[in-house]
1. Given the conditions (1) in contact with a Leu (Cβ under 9 Å, 6 or more places away or on another chain); (2) buried (at least 22 other Cβ atoms within 10 Å of the Cβ); (3) farther than 27 Å from Gly236 by Cβ; (4) not small (Gly, Ala, Ser), report the number of the one that Val138 does not fulfil.
2. Among the residues of the range 190-215, how many are open to solvent by less than 60 Å² (accessible area, probe 1.4 Å) and touching a residue at least 40 places away in the same chain (Cβ under 8 Å)?
3. Which one of Ala157, Ala126 is within 25 Å of Pro87 (Cα to Cα), in contact with a Leu (Cβ under 7 Å, 6 or more places away or on another chain) and surrounded by 15 or more Cβ atoms within 10 Å (Cβ to Cβ)?
4. Among the charged types (D, E, K, R), modelled with pLDDT of 95 or more and farther than 24 Å from Gly18 by Cα: is that true of Asp119 in this structure?
5. Are any residues in the range 18-55 small (Gly, Ala, Ser) and modelled with pLDDT of 95 or more, and if so, which ones?
6. What is the number of the single condition among (1) out of contact with any helix residue (DSSP H, G or I) (no Cβ under 9 Å at 6 or more places or on another chain); (2) farther than 22 Å from Glu107 by Cα; (3) hydrophobic (A, V, I, L, M, F, W, C) that Ala163 does not meet?
7. I'm trying to understand the selection: among the residues of the range 160-189, which are more than 17 Å from Val22 (Cα to Cα), open to solvent by less than 40 Å² (accessible area, probe 1.4 Å) and among the hydrophobic types (A, V, I, L, M, F, W, C)?
8. From the list Gly50, Gly41, Gly58, exactly one residue is in contact (Cβ under 8 Å) with a residue 12 or more places away in the chain, of a type in the set (Gly, Ala, Ser) and over 20 Å from Asp147 (Cα atoms). Which is it?
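The values are calculated or read from the model by the stated rules, or taken from the named source; none is laboratory data. It should be emphasised that the depicted structure is a prediction, and the values quoted were computed from it without experimental measurement. Ideal geometry is used to build each Cβ from the backbone, glycine not excepted, and the neighbour counts take in all protein chains shown. To get the accessible areas, we keep the full protein, side chains included, count just its heavy atoms, and leave off ligands, DNA and RNA. Shrake-Rupley method; radii C 1.70, N 1.55, O 1.52, S 1.80 Å.
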Amino acid sequence: MPNGRDAVLAVQHTPAGGLRRVGDWLRAAGLDVQVVRPYAGQALPETLDGRPLLVLGGGYLPDDDARAPWLPATRGLVAQALDDGSPLLGICLGGQMLAQVAGGSVEGEHGTPEFGSTDIRLRPEAAGDPLLHGLGPVVPAVERHVDAITELPPGAAWLASSADCPHQAFRVGERAWGVQFHPEVGADRVAAWDRDGLVARGVDPDRLYARAAADEDAAVAAWSVFTERFAGVCRG
């Protein structure tokens with residue numbers, strides 16, 4: 001098992017919710033990535049042992065323990081990362097979990113659902129952020145969520161928003177980031193989403209894919225840099 005600051009422990013919550021291009025970017029930046037899939041029966045470690053932590057998305061609330069009985073252990077790892085200063089990146093569910101563990105609030109079926117490529121608006125606070133600085137005032141990223149962070153943790157740096165979701169990116173302390181969007185997801189994955197489910201929500205799957213494809217180059221340019229910077233924090 002990889003160990004130390006050159007390895008990242010990634011928690012994957014669903015079969016479809018993998019690292020995708022974020023994993024490629026981390027490995028290209030020289031990091032080992034150990035993916036644990038507790039939904040498939042793989043046990044989470046009890047401690048991080050100095051490793052950075054990456055918590056991926058999934059169709060659960062952060063405390064949906066009855067449906068996902070590994071979530072308490074995942075929350076424990078998030079709390080440990082916050083306590084010992086280990087680098088942490090939470091994506092979608094992972095970002096919501098970071099917000100909740102650090103003292104914020106998350107609500108199910110809250111606000112306007114977001115699907116597909118969405119304009120992420122960086123706030124002035126992002127200008128000094130180690131991961132987000134200089135990416136531009138507006139950057140596209142893929143969204144897929146109906147739950148939302150309703151209150152950030154005390155003292156968190158509020159870094160980005162969108163038209164329909166205020167809390168798109170934030171930082172807790174110096175080394176823990178949460179994002180509501182999916183930097184790992186590209187247009188190819190959007191094309192594979194369940195068409196009937198999207199139509200039932202009033203979403204046009206073809207238009208969703210076309211927007212994601214049009215935004216792909218800009219998304220890759222921004223989120224590859226974001227991920228490489230996180231890798232630098234992990235190595236440091």
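1. (2)
2. 7
3. When all the criteria are applied, what remains is Ala126.
4. Criteria not met by Asp119.
5. Hits for the range 18-55 are Gly18, Gly23, Ala28, Ala29, Gly30, Ala40, Gly41, Ala43.
6. (2)
7. Ala160, Cys165, Phe170, Val172
8. Numbers: Gly41 fails: in contact (Cβ under 8 Å) with a residue 12 or more places away in the chain; Gly58 fails: over 20 Å from Asp147 (Cα atoms).
Only one candidate qualifies: Gly50.
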